[in-house]
1. Please find, among A:D220, A:D202, the residue that is over 16 Å from A:L120 (Cα atoms) and acidic (D, E).
2. Using beta carbons and a limit of 7 Å, which pairs, at least six apart or on different chains, have the first residue in region A:248-261 and more than 12 Å from A:A278 (Cβ to Cβ) and the second one more than 10 Å from DNA strand B (Cβ to nearest atom) and in a helix (DSSP H, G or I)?
3. Could you list all residues from region A:20-66 that are part of a helix (DSSP H, G or I) and under 18 Å from A:P281 (Cα atoms)?
4. Quick one: count up the residues across region A:268-288 that are of a type outside the set (D, E), within 16 Å of DNA strand B (Cβ to nearest atom) and not in a helix (DSSP H, G or I).
5. Out of all the residues in region A:143-168, which are under 17 Å from A:Q306 (Cβ atoms), of a type outside the set (S, T, Y) and in a loop (DSSP other than H, G, I, E, B)?
6. Exactly one condition in (1) within 16 Å of DNA strand B (Cβ to nearest atom); (2) farther than 20 Å from A:G10 by Cβ is not met by A:P80; state its number.
7. Anything in region A:118-146 that is away from DNA strand B (no atom under 13 Å from the Cβ) and at pLDDT below 95? List them, or say none.
8. Testing A:T265 on (1) modelled with pLDDT under 95; (2) in a loop (DSSP other than H, G, I, E, B), one condition comes back false. Which one is that?
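The values are calculated or read from the model by the stated rules, or taken from the named source; none is laboratory data. Computed from a predicted structure; not experimentally measured. Using ideal geometry, Cβ is built from the backbone for each residue, glycine included, and neighbour counts are taken over all protein chains shown. The area values use the complete protein model at the heavy-atom level, side chains included, leaving out ligands, DNA and RNA. Shrake-Rupley method; radii C 1.70, N 1.55, O 1.52, S 1.80 Å.
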Amino acid sequence: MVKRIEAAEGLELERLDSCRWRLPRQGRMQVDGLIFANDALIEDIRDTEAVRQVANVACLPGVVGRSIGMPDIHWGFGFPIGGVAAFDPDQGGVISPGGVGYDINCGVRLLRTPLQAEDLGAHLPRLMDRLFERIPAGMGRGYGDTLLRNRDMRRLLREGAAWAVEVGLGEPEDLARIEDRGCLPGADPEAVSDRAIQRGRDQVGTVGSGNHFIEIGCVDDVYDEAAARRLGLEAGTLTVMIHSGSRGLGHQVCDDFLVTMERITGRNGIELPDRQLACAPLSCSAARDYLGAMQAAANFAYVNRQAMTQQVRRVFAEVLGEEAHLELVYDVSHNIAKFERHRVDGEEREVCVHRKGATRAFPPGHPELPEDLRGLGQPVLLPGDMTRYSYVLLGTQGAYAETFGSCAHGAGRRLSRRQAKRAAEGRDLDAELAEAGIEVRASSRQTVAEELAEAYKDVSDVVDVVAHAGIGRRVARLRPLGVLKG
DNA sequence: ATGTAC
């Protein structure tokens with residue numbers, strides 16, 4: 001007997017197995033929805049706008065396969081955060097800025113040190129102080145008067161991380177460990193507005209606010225010894241995770257193109273269940289312009305994470321000595337649209353995959369992977385909340401077959417920011433975090449309140465689901481020691 | 001996520 005449960009108004013979810021729920025095609029939906037969740041997580045998801053958004057995305061022109069929700073899915077602008085959807089250019093498929101998100105190429109990178117966590121000893125507070133001094137964090141924060149020249153901005157937008165390495169903001173070996181080698185080649189700086197460029201000029205190498213962070217941690221548990229060794233992540237290894245995106249520049253690109261796309265949507269007579277799904281057929285010039293600008297903003301985000309990496313390296317060298325050298329394990333994008341080849345309805349096709357709050361998770365052997373990791377599969381990084389865990393996984397054949405080569409991207413919000421702030425009222429958050437053994441540096445109490453552990457689902461539950469569903473393979477768990485927030 | 005509305 002098929003188990004059905006009530007979802008958001010007018011929608012029902014049908015249980016497929018212990019970690020999959022089908023949202024059957026109805027109304028203007030052109031394909032089914034598919035949500036990955038276990039019995040506990042689906043209770044947090046089922047009656048939310050996120051389910052409605054999975055259905056809405058399934059209504060867009062040229063959508064193929066299924067509209068997918070990861071176990072960390074929650075409400076977002078137009079498309080859900082934790083959503084994946086692919087569009088076929090030959091079937092009127094579209095690109096939608098809301099399917100990428102305001103923070104274009106928000107993503108995470110993981111660095112490893114040759115040190116063990118115990119080597120850090122009493123240095124952690126000083127390390128955190130230096131990082132906090134050196135790296136601007138918080139809403140609107142940048143390097144102030146230190147502005148890149150417009151000419152450098154245009155090169156950076158076109159060339160991505162390779163530019164960063166050329167100007168001393170990285171090491172040549174870093175490039176192979178960044179998704180796309182840190183550069184989306186179609187980037188078109190001319191499609192990025194002057195205003196967006198101005199907003200980014202002093203923000204290269206900055207954390208931002210919200211869920212962005214720099215975290216010192218260590219490998220707390222290993223599930224696959226061989227894979228962990230290949231990634232340099234043996235138990236006790238001291239690590240650094242950097243989570244940030246394209247800051248004001250990407251935000252402005254999204255704003256600019258939402259205006260354009262709303263006009264295009266009207267002109268093409270595309271009927272949308274939600275205005276926030278504004279989009280344009282992939283064949284039209286506005287879509288090409290958005291893709292060029294989005295790719296440029298993505299390159300900005302890769303450079304941003306790369307520049308912070310170099311700052312972290314300087315601080316580690318100053319505090320712990322030159323031997324504390326940081327190597328890049330991998331850098332993944334969480335918010336991006338890309339053309340990729342996938343098997344759809346029994347046929348290989350080039351489709352535009354939108355991942356919004358989802359990680360690419362290519363399987364072993366995929367030609368896009370760096371040679372030395374190709375046999376392993378793509379590293380997938382899942383940061384959790386500030387006080388619990390983060391995970392390192394690997395992409396799988398299952399993900400390639402079922403989710404356009406995608407996996408979850410984190411814990412996923414459980415409380416809205418407003419609810420989280422309310423929950424934090426009257427509490428001594430610094431004392432609580434100190435009690436939890438986390439050395440926190442933050443520019444705003446409000447950010448810390450919004451980011452409390454209880455505002456998030458338990459990332460371990462998310463990882464259980466993706467591992468059980470076969471769309472990710474567990475390698476290691478990390479534990480936070482120190483966190484720098486906006 | 002975001003100079004949370006030029």
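1. Among A:D220, A:D202, only A:D202 is over 16 Å from A:L120 (Cα atoms) and acidic (D, E).
2. Filtered contacts from region A:248-261: A:L249/A:I197; A:L249/A:A297; A:L249/A:F300; A:G250/A:A297; A:G250/A:F300; A:V253/A:A293; A:V253/A:M294; A:V253/A:A297.
3. Answer for region A:20-66, where residues must be part of a helix (DSSP H, G or I) and under 18 Å from A:P281 (Cα atoms): A:N56, A:V57.
4. 1
5. A:L148, A:G160, A:V167, A:G168 - these are the residues of region A:143-168 that are under 17 Å from A:Q306 (Cβ atoms), of a type outside the set (S, T, Y) and in a loop (DSSP other than H, G, I, E, B).
6. Tallying (1) within 16 Å of DNA strand B (Cβ to nearest atom); (2) farther than 20 Å from A:G10 by Cβ, A:P80 fails exactly one: (2).
7. Correct list: A:E118, A:D119, A:L120, A:G121, A:A122, A:D145, A:T146.
8. Against the list (1) modelled with pLDDT under 95; (2) in a loop (DSSP other than H, G, I, E, B), A:T265 comes up short only on (2).
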